[in-house]
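The next block holds one structure in the form of structure tokens; read it before the comments.
Values in this text are rule-based calculations from the coordinates and carry no lab data. Everything numeric here is computed off the predicted structure, so don't read it as measured data. Counting neighbours? That spans all protein chains shown, and the Cβs are built from the backbone with ideal geometry, glycine included.
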Amino acid sequence: MTHQTLFATRLAQARKKTDLSQKQLGIQAGLDEFTASPRMNHYERGKHLPDLDTAKRFADILNVPMAYLYCPEDDLAELLLELNRLTHQQRVALLKKIRKE
């Protein structure tokens with residue numbers, strides 16, 4: 001799977017878990033309202049990759065870590081989503097526990 005295809009798949013998966021259309025996500029991320037839908041379609045079809053700032057805005061809006069959008073391994077991507085749901089204190093405690101083992 002190429003980086004573009006991977007990003008496209010993860011972006012579409014994350015967006016579909018929300019009530020946002022492609023156009024709505026694009027507009028919230030700062031894309032021009034007249035081109036938001038086609039640009040988002042290109043991103044989700046793997047025709048283009050957004051710059052990192054735009055990818056970060058997508059991640060923030062979709063409440064996923066940016067690393068999730070680029071993670072090549074499904075199990076690690078799911079782990080990133082689970083870690084993202086934890087509070088900072090919970091992540092610190094988990095990290096301490098992992099380091100002890």
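So here's what we get for this one:
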quantity: Members of segment 84-101 found to be in a helix (DSSP H, G or I) and surrounded by 11 or more Cβ atoms within 10 Å (Cβ to Cβ), listed by number; calculated: ASN84, GLN90, ARG91, VAL92, ALA93, LEU94, LEU95
quantity: Of all residues in segment 18-49 being without any contact (Cβ under 8 Å) to a residue 24 or more places away in the chain and outside any helix (DSSP H, G or I), the one that is surrounded by the most Cβ atoms within 10 Å (Cβ to Cβ); calculated: LEU31
quantity: Among residues of segment 40-86, those that are among the aliphatic types (A, V, I, L, M) and farther than 17 Å from GLN4 by Cβ, counted; calculated: 9
quantity: Among residues of segment 50-83, those that are closer than 16 Å to MET40 by Cβ, in a loop (DSSP other than H, G, I, E, B) and within 11 Å of the chain's Cα centre (by Cα), counted; calculated: 1
quantity: Unmet criterion (only one of (1) in contact with an Asp or Glu (Cβ under 7 Å, 6 or more places away or on another chain); (2) within 27 Å of THR87 (Cα to Cα)) for ALA8; calculated: (2)
